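Chemist: There's a structure below that I have some questions on.
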Amino acid sequence: NSGVVTLLRPLLLDVVPSIRQTSALALGRLADYDVNLAEAVVKAGILPQLVCSLPEENRYYKKTAAFVLRAVAKHSPQLAQAVVQCGALEALVICLEDFDPGVKEAASWAFDYIARHNPELSQAVVDAGAVPLLVLCIQEPEIALKRIAASTLSDISKHSPELAQTVVDARAIAHLAQMIPNPDAKLKRQVLSALSQIAKHSVDLAELVVEAEIFPVVLTCLKDSDEYVKKNGATLIREIAKHTPELSQLIVNSGGVAAVIDCIGSCKGAVRLPGIMMLGYVAAHSGNLSMAVIVSKGIPPLCACLIEEHEDHIKAAAAWALGQIGRHTAEHARHVAVANVLPTLLDIYVDTRSSEDLKMKASIFAAKRALKNILEKCTYLPALEPLLHDAPPNIMKHILGQFSKVLPHDSKARRLFVTTGGLKKVQEIKAEPGSLLQEYINAINHCYPEEIVR
């Protein structure tokens with residue numbers, strides 16, 4: 001408000017280098033603080049001034065100038081665009097070629113804050129020729145430089161298959177993959193994130209990541225003490241598994257499913273989410289892959305997530321994954337049903353909070369889909385009986401459909417159904433005359449002598 005920004009501007013041209021640098025630092029800190037101050041720096045015409053003098057300046061000034069550009073660019077796509085329009089990318093590329101690792105690091109930060117906003121800004125970074133230089137930066141010995149360069153490659157790759165391909169064409173994958181065993185947790189997070197952002201777009205890109213021999217070394221990340229390393233490791237495996245049965249099979253063969261199941265069992269909250277999704281993707285591909293999840297004891301931790309987690313989107317993911325496991329055959333459905341997960345799914349589905357909370361609807365919908373997927377295949381009646389007490393009509397239809405299918409052919413099941421009180425419960429169900437529900441009730445009653453039904 002006191003007009004400091006306009007007072008600092010002429011100091012950027014001062015004859016004393018330390019004054020030029022300190023003025024730039026002050027502007028950077030102001031711009032970093034909030035979006036209005038960043039806009040004031042742009043409106044004062046400071047960026048072109050910073051950029052045009054950059055190549056001749058010393059390393060301290062270069063670092064500071066890159067900090068100002070990053071501080072402005074971080075707030076919004078519009079401000080990042082202003083940084084691009086003043087010719088900053090060309091100057092930052094020169095900084096990426098600098099001898100000093102600190103200058104390279106500062107330039108990488110600025111590129112990252114520009115590229116993360118949208119595909120157009122990312123493309124501008126690519127067109128400026130930054131990607132090959134960033135790939136050289138991840139090969140430098142300085143850990144801080146490696147981290148930010150990997151982060152920038154991740155943010156460039158995330159927007160589209162074409163942008164990810166430019167990172168692949170610069171031979172980034174092999175260098176990133178070599179850093180997975182690095183002991184530095186922050187570097188590992190960025191490396192795993194970059195590989196995930198490349199692998200997510202297409203089968204071809206996922207296969208290129210796998211060919212860099214990330215298995216089985218990536219599985220060690222699932223046991224890491226750093227939560228984000230665990231999460232990003234599971235995300236990378238998920239992004240590969242989702243594409244094809246062949247890629248999922250490769251993950252199963254390398255012990256990936258068992259490792260992800262252990263990871264889900266050993267952590268809580270959002271860290272579990274990518275692992276839960278990964279199991280769902282693997283199980284969705286085929287009956288055999290679903291059975292691999294079952295054999296690796298994947299169902300109990302997913303059931304635990306349904307009960308323990310408070311976030312609705314995590315419950316929704318667990319419900320969805322259980323539905324994918326149980327939907328293939330009666331045998332698959334039986335494994336899920338025996339784990340006593342159906343009553344929990346039903347509780348989520350009939351939860352009274354569903355009407356007022358939209359977020360809750362995700363887990364309601366996922367529970368409903370999972371119940372339908374499992375019930376359409378499940379012939380294990382003892383697991384279905386508890387649901388006769390409070391299932392809504394559209395779910396009851398599926399439950400009674402299975403009873404009317406199994407009871408006519410199984411005398412032991414018929415006997416049990418009477419002694420456990422199941423048949424009595426069926427008589428209490430109110431069904432519209434002529435409805436499918438009524439047909440199923442009639443079919444069940446026909447399995448017994450009239451006096452037993454009475």
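Chemist: Order His243, His389, most accessible first, counting only protein heavy atoms with a 1.4 angstrom probe.
Modeler: The most accessible residue leads, giving His389, His243.
Chemist: For Gln139, what is the net charge nearby, where nearby means another residue's Cβ is under 11 Å from its Cβ and Lys, Arg count +1, Asp, Glu -1?
Modeler: 0
Chemist: Still on this model: Please name whichever of Leu89, Leu7, Leu192 sits farthest to the positive end of the charge dipole of the chain, dipole taken about the Cα centre and charges placed at Cβ: Lys and Arg +1, Asp and Glu -1.
Modeler: The residue sitting most towards the positive pole is Leu192.
Chemist: For Lys268 and Tyr448, FRET efficiency with R0 = 60 Å and r from the beta-carbon atoms, rounded to 0.05?
Modeler: Efficiency at R0 = 60 Å is approximately 0.80.
Chemist: Shifting gears a bit: Got a number for the accessible area of Leu416? Probe 1.4 Å, square angstrom, nearest 10.
Modeler: Counting only protein heavy atoms, the figure is 80 Å².
Chemist: If you find the alpha carbon centre of region 417-443 and of region 155-191, how far apart are they in angstrom?
Modeler: 59
Chemist: Spin-label point model (7 Å from Cα, Cβ direction): what's the Phe215 to Glu142 distance in nm?
Modeler: About 3.8 nm separates the two model spin labels.
Chemist: Another one. With every protein chain present, what accessible area does Glu376 have (1.4 Å probe, heavy atoms only), rounded to the nearest 10 Å²?
Modeler: 90
Chemist: Pop out the Kirkwood hydrodynamic radius of region 381-453 from its pairwise C-alpha distances, inverse of mean 1/r, in Å to one decimal.
Modeler: In region 381-453 this quantity evaluates to 12.1 Å.
Chemist: Could you work out the Kirkwood radius for the chain, taking every pair of different alpha carbons, averaging 1/r and inverting it, reported in Å?
Modeler: By the Kirkwood definition, the hydrodynamic radius is 25.3 Å.
Chemist: Follow-up question, since we're still on this one. Any chance you could tell me what percent of the C-alpha pair distances in region 250-378 go past 26 Å?
Modeler: 14
Chemist: For a Förster distance of 22 Å, can you work out the FRET efficiency between the beta-carbons of Lys372 and Ile429, rounded to the nearest 0.05?
Modeler: My answer for the efficiency is 0.75.
Chemist: How about region 179-222: which GluC sites (Glu not before Pro) there lie in a loop by DSSP and see at most 13 other Cβ atoms within 10 Å?
Modeler: Within region 179-222, the qualifying GluC sites (Glu not before Pro) (loop, at most 13 other Cβ atoms within 10 Å) are Glu213.
Chemist: Something else: Is there a pair in Lys43/Lys74; Lys62/Lys186; Lys361/Lys425 whose C-alpha atoms are over 22 Å apart, and which pairs would that be?
Modeler: Pairs exceeding the cut-off: Lys62/Lys186; Lys361/Lys425.
Chemist: Further, regarding this structure: Alpha carbon centre of region 91-115 versus region 286-343: separation in Å?
Modeler: If you average the Cα positions of each part, the centres end up 47 Å apart.
Chemist: Using 1/(1 + (r/R0)^6) with R0 = 30 angstrom and r between the beta carbons of Glu90 and Glu227, what's the FRET efficiency to the nearest 0.05?
Modeler: Between Glu90 and Glu227 the formula returns 0.15.
Chemist: May I pose another question? Explain nothing, just compute: Karplus ³J(HN,Hα) = 6.51 cos²θ - 1.76 cosθ + 1.60, θ = phi - 60°, for every residue of region 387-400 in order, whole Hz, x for Gly and Pro.
Modeler: 6, 5, 7, 9, 6, x, x, 5, 7, 4, 4, 5, 5, 5
Chemist: Using the heavy atoms of the protein chains alone and a 1.4 angstrom probe, what is the accessible area of the chain per residue in square angstrom?
Modeler: With the other protein chains kept in place, the chain gives 44 Å² per residue.
Chemist: For His409 and Val338 in one chain, what is 0.36 nm times their gap in residues minus the Cα-Cα distance, to one decimal in nm?
Modeler: Full extension from His409 to Val338 adds 23.4 nm.
Chemist: Quote the charge dipole size of the chain about the Cα centre in Debye, to the nearest 20; the model charges only the Cβ of Lys and Arg (+1) and of Asp and Glu (-1).
Modeler: Using only the charged Cβ atoms, the result is roughly 1160 debye.
Chemist: Where the only charges are on Cβ atoms (+1 Lys, Arg; -1 Asp, Glu), what is the dipole of region 1-171 about its Cα centre, to the nearest 20 debye?
Modeler: With Lys and Arg at +1 and Asp and Glu at -1, about 360 debye.
Chemist: Moving to a separate point now. Tell me, what % of the accessible area of the chain is carbon and sulfur with a 1.4 angstrom probe?
Modeler: After summing per-atom areas, the C and S share lands at 54 percent.
The values are calculated or read from the model by the stated rules, or taken from the named source; none is laboratory data. Values in this document were obtained by computation on a predicted structure and should not be read as measured data. Glycine also receives a Cβ, built like all others from the backbone with ideal geometry; neighbour counts cover every protein chain displayed. All accessible areas refer to the heavy atoms of the entire protein, side chains included, with ligands and DNA or RNA removed. Shrake-Rupley method; radii C 1.70, N 1.55, O 1.52, S 1.80 Å.
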